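Down below is the structure, laid out as structure tokens.
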Amino acid sequence: MEDLGARIRQARQQRGWTLETLSQRSGLSTGFLSQVERGQSTLSIVSLSAICRALDLRIETLFSSDRPLSEAAPGVTKAAQQLHIRVGASPVTYGYLTRQLPAAPVQELLIAEFPAGTEPTESTHDGEEFGYVLAGKLRLRLRDEIFGLEAGDSYRVRATEPHAYSTPANSGARILMAVTQRFIDTGAAAGASSTDDASRRKETDNA
């Protein structure tokens, strides 16, 4: 791949921008951007994303990956199937566990502990659910398929579709879960809701 810094400088100059302009639009310092363009500093994927957004560049044209980005990802991603990318000469490799998360923000992040011999209980709820197997073995039933997952595997499901979890008799599982539905309201959120309700009632009484 052509030198990353040179490609960023070329894109900036084609737009007639100074380093200061790119700095203002990307939120990165001019000193850092100058070092990147001269190949004296590496980029994280966060910084590269900020530059690409500012320059209106497709980010996938500026990093190397071990498989095509257009390749459709399944609901379940085995550890060996994860997409790995590297930005320029950076020593850091990023492994993507799933497709991009939905537009709805993650509401809860939790660790689920399934004991050995957990029986499947089908459930549905709003939003989407992402899981990463930290340890053990998990069986995910999704629609009419059953997926066997081990440490390092991940999945993403539309939670409105029936899904169920179980574990074999000889192994439990520890799962990092992220969901876009809030299951438990915090006291602060509940208090704020009560205050809002009281305010609306007062406004109605004064009308």
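The values are calculated or read from the model by the stated rules, or taken from the named source; none is laboratory data. Keep in mind it's a predicted model, so treat the numbers as computed, not measured. Glycine gets a Cβ as well: all are built from the backbone with ideal geometry, and neighbour counts include every protein chain shown.
Below is a table of values for the structure above.
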{"read-out": "Lone qualifier among 141, 156 - being surrounded by 15 or more Cβ atoms within 10 Å (Cβ to Cβ), at pLDDT 85 or above, under 30 Å from residue 48 (Cα atoms) and not hydrophobic (A, V, I, L, M, F, W, C)", "value": "156"}
{"read-out": "All positions within the range 2-27 that are surrounded by 11 or more Cβ atoms within 10 Å (Cβ to Cβ), of a type outside the set (Ser, Thr, Tyr) and not in a helix (DSSP H, G or I)", "value": "3, 15, 17, 27"}
{"read-out": "Candidates 124, 98, 93, 118, filtered to the one that is touching a strand residue (DSSP E or B) at 6+ places or on another chain (Cβ under 6 Å), farther than 30 Å from residue 63 by Cβ and among the polar types (S, T, N, Q)", "value": "118"}
{"read-out": "Residue in the range 77-88 that is at pLDDT 90 or above, touching an Asp or Glu at 6+ places or on another chain (Cβ under 8 Å) and assigned to a helix (DSSP H, G or I) present", "value": "no"}
{"read-out": "In the range 6-61, the residues that are hydroxyl-bearing (Ser, Thr, Tyr) and free of Cβ contacts under 8 Å to residues at least 40 places away in the same chain", "value": "18, 21, 23, 26, 29, 30, 34, 41, 47, 49, 61"}
{"read-out": "Number of the exception - residue 148 against (1) touching a residue at least 24 places away in the same chain (Cβ under 8 Å); (2) exposed (fewer than 13 other Cβ atoms within 10 Å of the Cβ); (3) within 27 Å of residue 65 (Cα to Cα); (4) not aromatic (Phe, Trp, Tyr)", "value": "(1)"}
{"read-out": "Some residue of the range 126-136 being without any contact (Cβ under 8 Å) to a residue 40 or more places away in the chain and closer than 20 Å to residue 81 by Cβ", "value": "yes"}
{"read-out": "Residue match in the range 99-112 (condition: modelled with pLDDT of 90 or more and not in a loop (DSSP other than H, G, I, E, B))", "value": "yes"}
